[in-house]
Structure formats: C-alpha cells, structure tokens
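Trainee: Below are the structure tokens for one structure; questions will follow.
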Amino acid sequence: MLNLSSIRATTPGCNHHIHFNNAGASLPDQSVLDTVNEYLSTESIVGGYELMAERHESLEKVYHSIAKMINASRNEIALFQSATAAWAGAFNALEFSEGDEILCSEVEYGSNYLNLLRKQKSSGINIRVVPSTPKGCLDVDRLEEMMNPNVKLIAITHVPTNGGLVNPAAEIGKIAKKHNCLYLLDACQSVGQMPIDVKVIGCDFLAVTGRKYLRAPRGTGFLFVSENVIDQMDPTILDLYSANWLSDSKYKLEAGARRFELFENNKALQLGLGKAVENYLELGPNQCYERIKMLAQKLRSGLTNISGLECTDIGEEQCGIITFRKEGIPAEEIKTHLFNKGVYTSVSFPSGTLLDSNKRNLDFLVRASLHYYNSEEEINRLLELLAER
Ligand SMILES: Cc1ncc(COP(=O)(O)O)c(C=O)c1O
C-alpha cells in the first residue's frame, strides 16, 4: 500500500492547497525540486558543458528509467519539452501522399488534430474519425471495418483531456499490427497515471509529457519510437546532434530515437524528469493507479448526490480525470469559487476536444483531476463546497 503521509510530507504543495489540477500540471516531489536546483546551481559554477560531461551517467540514466517504465529500450526514447512536440515530431517525420488515410478517435486532442488538418491541406490525406461505442470508448469493431490499404496511420488519444475515458489502446494495437499499419498513441494523460507497456499496447510511437501525472518539472516530455520503424523516420529539424555531416553532399541521421533530439536542452529539467520517473517506479505504477481509481470513484459517486450537477465522463474503464457541470453556473465561476477556498481545479474548454464537444454538446466544464497524493478528506471538502454552491 502507498504510504500517503510520507508521500504528502515530501510534496510541499500539499501544505499549500488542495490540488485537483493534476491533468494540468501536478505537484512535484521535493526530491525532484532538489535534483533540478542542485544541477542548476552547480552548472552556474562549473559551466554548462563541463557539468554535462561530468554528469554523463546520470543524464543517461534518465533514458533508462523511462525505457524501464514503459518496457522499451534506451535507444527508443527521445526527450522533448512537451507531449505535443513529441507527437508532432513523430507525425511530421512520416511521409504521406494524396489519398492516404489517417484514423483518429472522437476524443483526439486539439493540437494533434490541428497537425492532421495541416497535413490534409499540404498532402491531401484524408482524416477519418473512428466512431465510439455507446459507452464512449473507441469502437474497435468499427476500427477493424475501416481498415483498408490506404490507412497509413492510426493516431489515437489514450486518455482525453476532458474526462475519465480510457481508450482500449492494446486492442487498437492488435488491429494496427494485423493490418501492418503505423500506430501513434497520445499517452499524455495516461503515463504516470496507469501502468503503460508499449509491447502490450503494440504502438510504434508514444507521446508523453512530464508535468502531468508523472510529477516532473514543466518543459519536459518524451517520445517512444519503436526500433522497428525508426529507420523510416525523417525528423523535420536536424542539427549536429541528430545527424552527422559527412561531406559536401552527404549526411547521415543518428541511429535510434536520438535523431529526434537537438543538442541544446535543459539538462536540469531532464534530470528532474528522470527523478520523477524513478520515484514513480519505486511507488509502483499499479498501486498508484489503484489509488487514483479509488479516489475517482469516491468523487464520482459523491457528485451524483449533488442536485443540478452532472458528471460528463464517458467510457467503460474510467480514470482520475473527472469533468462536470452545474446547471445555471458557468464552469469558470465554479472554478474561481473553489480556488478562493483553496481547492484548485481547472476548466475544460470545447476546442481541447472539439469533435467530442460538438458531438455531446459540451460547453465549458469543471475538471477535477486527482492524483494518488490526494486524500479522501480533500475529496470530501470539494464535495462540500460544490454542494453549498
Ligand atoms: C490528451 C492530451 N494530449 C496532449 C496534450 C498536450 O500536452 P503538452 O502541453 O505537453 O504538449 C494534452 C494537454 O493537456 C492532453 O491532455
């Protein structure tokens, strides 16, 4: 079992307010802060390049920890500054031609969809949206029916920004494999929240951010690229770290996911990401997810007792992101009221998931996203404040 009091004692933000904006950015552990601060201050004395050389092993360990967390190998991991940068890095390194089809989910994240739209404009690809089941998760039977030789990529959001839905990532992976189709999974809200194994899921790419469920510093993220497809990838930006300049007419891309990385990076933040991943592995991804689900279930069932309040979550398996609306009160007003009482939530806006928002007629929603460090008392407090509003 997780030791809640020790986890909260090493999370300084837990003494400051009740944090239910973990799908925005969660509260880091003190050890992550210490790692970042120590590196930054030493760097200012020793020099950036010199410290990078001295700490080579620790910096390498970041890749190994991430690889261990998702069951990949070190050379399949590239560090990025965000999930979108990782997602777009992979997507834009693929070649598409007119008539190619890309399949996505109804809950595709807005930034991903923008990149799909741009590709549609520049290369004449067709975007096709896979319908959901009546319960709201991607319908794998419909996906199977939609597969044809023109489908070049399945790009799916695992857990959307606007609710507790968990899409059936591994079942989708089986279909991608059967049809020999590339599979890009946006795991921005799922890694750090639930156990993720890229071999079980069967994806070729996985895009992740650090600041959400992983509790890493802002400005961190990573991309997993399967070694089976890396040689097909032609990243949009090259520098002398991602490629080698061989002669006046030749260059060679680096082997492995390193071809996606540029030389210049914030090493302190990368170490912070590595530390956050180590902490997560030490706590145990299964235990963390069990606790998050238990807390989410408590909040969802409490919400049903508040009159005029509607929880808008869909899906069969539901995770720690809970969205709701209250009749007659704008989401922003509820969020501000809660904030003034020391309870931090966020507002989910329609364009974050426009396809789903239009389909279900969702306007702005209050989003309470829970982490394993939240307590049952904190959930009671949220319910109490919502009931009196
Ligand atoms: C599902 C999903 N994908 C991608 C992103 C974008 O993440 P980032 O801001 O790290 O690019 C978000 C952010 O909220 C998200 O919820």
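Trainee: Out of S375, S357, I need the residue that is hydroxyl-bearing (S, T, Y) and closer than 20 Å to V159 by Cβ. Which one?
Mentor: S357
Trainee: How about region 1-31: which of its residues are of a type in the set (G, A, S) and either within 16 Å of the ligand (Cβ to nearest atom) or within 18 Å of G320 (Cα to Cα) (or both)? Full working, then the answer.
Mentor: Narrowing region 1-31 to residues of a type in the set (G, A, S): 5-6, 9, 13, 23-26, 31.
If the condition is that a residue be of a type in the set (G, A, S) and either within 16 Å of the ligand (Cβ to nearest atom) or within 18 Å of G320 (Cα to Cα) (or both), then A23, G24, A25, S26 are the ones that fit.
Trainee: Only one of (1) part of a helix (DSSP H, G or I); (2) out of contact with any helix residue (DSSP H, G or I) (no Cβ under 8 Å at 6 or more places or on another chain) is not met by L262, so which one is it?
Mentor: Going through the list (1) part of a helix (DSSP H, G or I); (2) out of contact with any helix residue (DSSP H, G or I) (no Cβ under 8 Å at 6 or more places or on another chain), L262 breaks only (1).
Trainee: To continue, here is another question. List every residue pair whose Cβ atoms lie under 6 Å apart, where the two residues are 6 or more positions apart in sequence or sit on different chains, the first residue falls within region 54-76 and is open to solvent by 50 Å² or more (accessible area, probe 1.4 Å), and the second residue, located anywhere, is of a type in the set (A, V, I, L, M).
Mentor: N71/V198; R74/A67
Trainee: Considering region 332-377 alone, what residues qualify as being open to solvent by less than 20 Å² (accessible area, probe 1.4 Å), within 16 Å of the ligand (Cβ to nearest atom) and assigned to a helix (DSSP H, G or I)?
Mentor: Of everything in region 332-377, those that are open to solvent by less than 20 Å² (accessible area, probe 1.4 Å), within 16 Å of the ligand (Cβ to nearest atom) and assigned to a helix (DSSP H, G or I) turn out to be G352, T353, D356, S357.
Trainee: Need pairs with beta-carbon distance below 6 Å; first residue within 10 Å of the ligand (Cβ to nearest atom) and within region 101-121, second modelled with pLDDT of 95 or more and part of a helix (DSSP H, G or I); sequence gap 6+ or separate chains.
Mentor: V107/T353; V107/D356; G110/S351; G110/G352; S111/T84; N112/W87
Trainee: Of A216, A268, A255, A296, which residue is more than 16 Å from the ligand (Cβ to nearest atom), open to solvent by less than 10 Å² (accessible area, probe 1.4 Å) and either assigned to a loop (DSSP other than H, G, I, E, B) or touching a strand residue (DSSP E or B) at 6+ places or on another chain (Cβ under 8 Å) (or both)?
Mentor: Unique residue meeting the criteria: A296.
Trainee: Is it true that V229 is more than 30 Å from R389 (Cα to Cα) and surrounded by 14 or more Cβ atoms within 10 Å (Cβ to Cβ)? Write out each step before concluding.
Mentor: Values: more than 30 Å from R389 (Cα to Cα): yes; surrounded by 14 or more Cβ atoms within 10 Å (Cβ to Cβ): yes.
Yes, satisfied.
Trainee: Can you confirm whether R215 is of a type outside the set (V, I, T), within 14 Å of F80 (Cβ to Cβ) and modelled with pLDDT of 95 or more?
Mentor: no
Trainee: Turning to a different aspect of this structure: Condition test on P195, is it surrounded by 20 or more Cβ atoms within 10 Å (Cβ to Cβ) and either near the ligand (Cβ under 10 Å from one of its atoms) or in contact (Cβ under 8 Å) with a residue 12 or more places away in the chain (or both)?
Mentor: Spelling it out, it is not the case that P195 is surrounded by 20 or more Cβ atoms within 10 Å (Cβ to Cβ) and either near the ligand (Cβ under 10 Å from one of its atoms) or in contact (Cβ under 8 Å) with a residue 12 or more places away in the chain (or both).
Trainee: Still on this model: Within region 198-213, which residues are more than 11 Å from the ligand (Cβ to nearest atom) and either aromatic (F, W, Y) or farther than 24 Å from Y109 by Cα (or both)?
Mentor: F205
Trainee: On to the next question. If the requirement is being of a type outside the set (A, V, I, L, M, F, W, C), surrounded by fewer than 21 Cβ atoms within 10 Å (Cβ to Cβ) and under 21 Å from P160 (Cα atoms), which of these qualifies: N286, N279?
Mentor: Going through N286, N279 in turn, the sole match is N286.
Trainee: Where the second residue is surrounded by fewer than 21 Cβ atoms within 10 Å (Cβ to Cβ) and the first is within 14 Å of L4 (Cα to Cα) and lies in region 288-300, which pairs have Cβ atoms under 6 Å and are six or more apart or on separate chains?
Mentor: R291/L2
The values are calculated or read from the model by the stated rules, or taken from the named source; none is laboratory data. Computed from a predicted structure; not experimentally measured. FYI the Cβ positions are ideal-geometry reconstructions off the backbone, even for glycines, and counts take in every protein chain you see. SASA here: full protein model, heavy atoms, side chains in, ligands and nucleic acids out. Shrake-Rupley method; radii C 1.70, N 1.55, O 1.52, S 1.80 Å.
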